[in-house]
Structure formats: C-alpha cells, structure tokens
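What follows is a set of notes on a single structure, which appears directly below.
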Amino acid sequence: MLNNTTVIVTGAASGIGRACAKRLVADGNRVVAVDLDGERLSAELGGESDTLKFAPGDVANPATAEGAAKTALDAFGTVDCLAHFAAAHSKLNWEKADADEFNRILSINVTGSFLMAKAAAKVMIDQGVKGSMVLTASGGVLMGGTGEKGRGGPAYTTSKGGVLVLVRTLAKSWGRYGIRVNAISPGVVETAMTSEYSEDAMSGAAARAALGRVSQPEEQAAAAIWLLSDEAGFVTGENMNINGGAAFG
C-alpha cells in the first residue's frame, strides 16, 4: 500500500488509470492525473483538490510529460512514482495496418511511455528520490495480435512488446539511482478499450482464464500499486502478468 506519496497517473480518465488514481487518493496520496481528455478527467475524478491535480495532454508529446512533472513539483514538491496506463489501441490486421497506423501506435505506446518515464526520472534523480514506476504492456505480447475478433492487431501488440524492452532498459539505466521500473501485462480487462471487442472475443478471453472471467480495472490497479510500493522494493525490470491464469498460446 502507498501512503503520503506523489504519483503521476496517466490514462486517468478511464479504465485502469481511473481506478488507480481513485484508490491512490483514497489511500492518502497525492496524484497528478494525465489524460488526453481533460474534460473527462473532471467528470470521472471530480474537481482538483489539495491532493489531486490535472495535467491533460497527449503522452506522445514531450510537453505533456514535462508539464505533468512540473505540475507535481509546483503542487506537491516532488515526484515519487509514475503509474503509466495511457495507450492507444489498434485492431487492424496485417492487411489493413500500414506505416501510418504503426507509427501512430508506436508513438503513443512506446515513445509516450519513454517520455513520461524520462520526465519523472529527471525529477527523481535531481531530488535524490528513490522512486518507482510501472509501465503497461499487454498479455497479447505472449500470444501475438492478429486483430481477429476485434482484439489487438500487430501494431498494438508489437508496441506493447516494445514497452517490455523499454522497462528492462530503464531499470538498468536508473537502478544506480534507486529507481525501480516494472511493467504489468493485463489480460482482457473490462474497460472502454475492450468495449470494441466482439462478444466472441470477450467470452473466449473468459474461457481461457483459469478463473473463468475477465478482469476488472481495480484488480490491475492494485497490482500496479503493489509494484510501486516499498513491499516490492527489490523488484525491478520485471513484468507481472495479471491474466487470471489465462493459457496463452
């Protein structure tokens, strides 16, 4: 459990990001909430407060990451953690996906992850904070993504594979500063993103899981918060699969 900690949370207007931001604030932390949809941030999380500030923007834009870090510094004096869930989905198969689609998805999912992590790390290193970060990959990395039945296509799953390599690279780069970097790889979660999935895809995901259901955002957020906490103090460069025992392959 985290308490009295400053956390930047991206994708905070919906899904796992929203669940994470709400729990962190309820547990007595300070949150800078980032999302492309600034109006939805207010609608979903309520107005700003002494412990909640908004920094809307596109994570693929360096100004968004830098703005979020500045907001945290100005409002709370530091950055202790980053919980990065913002991402773009693509269900186009190999025939329909083109260079523009790949570049769009990679820019948001891989470059955006790097930019957010870099901005947070700069503050942590400057202030001597032994911080922690969680980036978001995907269970689809284990099984590939064809785009069939409305699920993630090759651009999406390739980008999430890139996030896993980024996590290991940043963990090596920043370990000397006491900064930990890990990933979660959610299975199918009941979010706005998976509302695009076909009924067959959702029922198939539930059937593949040993627990016989898909995940709720709060379950993914809880795992991410554990990785951010001191209880995971010797865990870095790792990926936690949170898929209900799904038999990928």
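Filtering ALA207, ALA223 for residues that are out of contact with any Cys (no Cβ under 6 Å at 6 or more places or on another chain) and modelled with pLDDT under 95 leaves a single hit, ALA207. Taken over region 27-45, the criterion of being open to solvent by less than 30 Å² (accessible area, probe 1.4 Å) and either over 17 Å from PHE76 (Cα atoms) or of a type in the set (Gly, Ala, Ser) (or both) is satisfied by ALA33, ASP35, GLY38, LEU41.
Cβ-Cβ distances below 8 Å connect the following pairs, each with a first residue in region 115-127 that is under 12 Å from GLY67 (Cβ atoms), a second residue that is among the hydroxyl-bearing types (Ser, Thr, Tyr) and not in a helix (DSSP H, G or I), and a separation of six or more residues or different chains: MET116/THR10.
So, SER49, is that one closer than 27 Å to ARG104 by Cα, of a type in the set (S, T, N, Q) and open to solvent by 20 Å² or more (accessible area, probe 1.4 Å) or not? For SER49, the condition - closer than 27 Å to ARG104 by Cα, of a type in the set (S, T, N, Q) and open to solvent by 20 Å² or more (accessible area, probe 1.4 Å) - is not met.
One residue alone among ASN29, ASN109 is closer than 22 Å to GLU218 by Cα, touching a Lys or Arg at 6+ places or on another chain (Cβ under 7 Å) and of a type in the set (S, T, N, Q), and that residue is ASN109.
Being closer than 17 Å to THR157 by Cβ and open to solvent by less than 50 Å² (accessible area, probe 1.4 Å) narrows it down to one of ALA69, ALA97, ALA55, so name that one.
ALA97
Checking the condition outside any helix (DSSP H, G or I) and either more than 19 Å from the chain's Cα centre (by Cα) or in contact (Cβ under 8 Å) with a residue 12 or more places away in the chain (or both), which residue from ALA205, ALA221, ALA171, ALA183 passes? ALA183 is the lone residue from the list that is outside any helix (DSSP H, G or I) and either more than 19 Å from the chain's Cα centre (by Cα) or in contact (Cβ under 8 Å) with a residue 12 or more places away in the chain (or both). ALA222 falls short on exactly one of the conditions (1) farther than 17 Å from THR136 by Cβ; (2) surrounded by 14 or more Cβ atoms within 10 Å (Cβ to Cβ), and that condition is (1).
Within region 225-243, the set of residues being surrounded by fewer than 20 Cβ atoms within 10 Å (Cβ to Cβ) and in a loop (DSSP other than H, G, I, E, B) comprises SER229, GLY233, PHE234, VAL235, GLY237, GLU238.
The values are calculated or read from the model by the stated rules, or taken from the named source; none is laboratory data. The model shown is predicted, which means the values in this text are computed figures rather than measured ones. Backbone-built Cβ (ideal geometry, glycine too); neighbour counts: all protein chains shown. Each accessible area value is taken on the protein alone, full model and side chains, heavy atoms only, with ligands, DNA and RNA left out. Shrake-Rupley method; radii C 1.70, N 1.55, O 1.52, S 1.80 Å.
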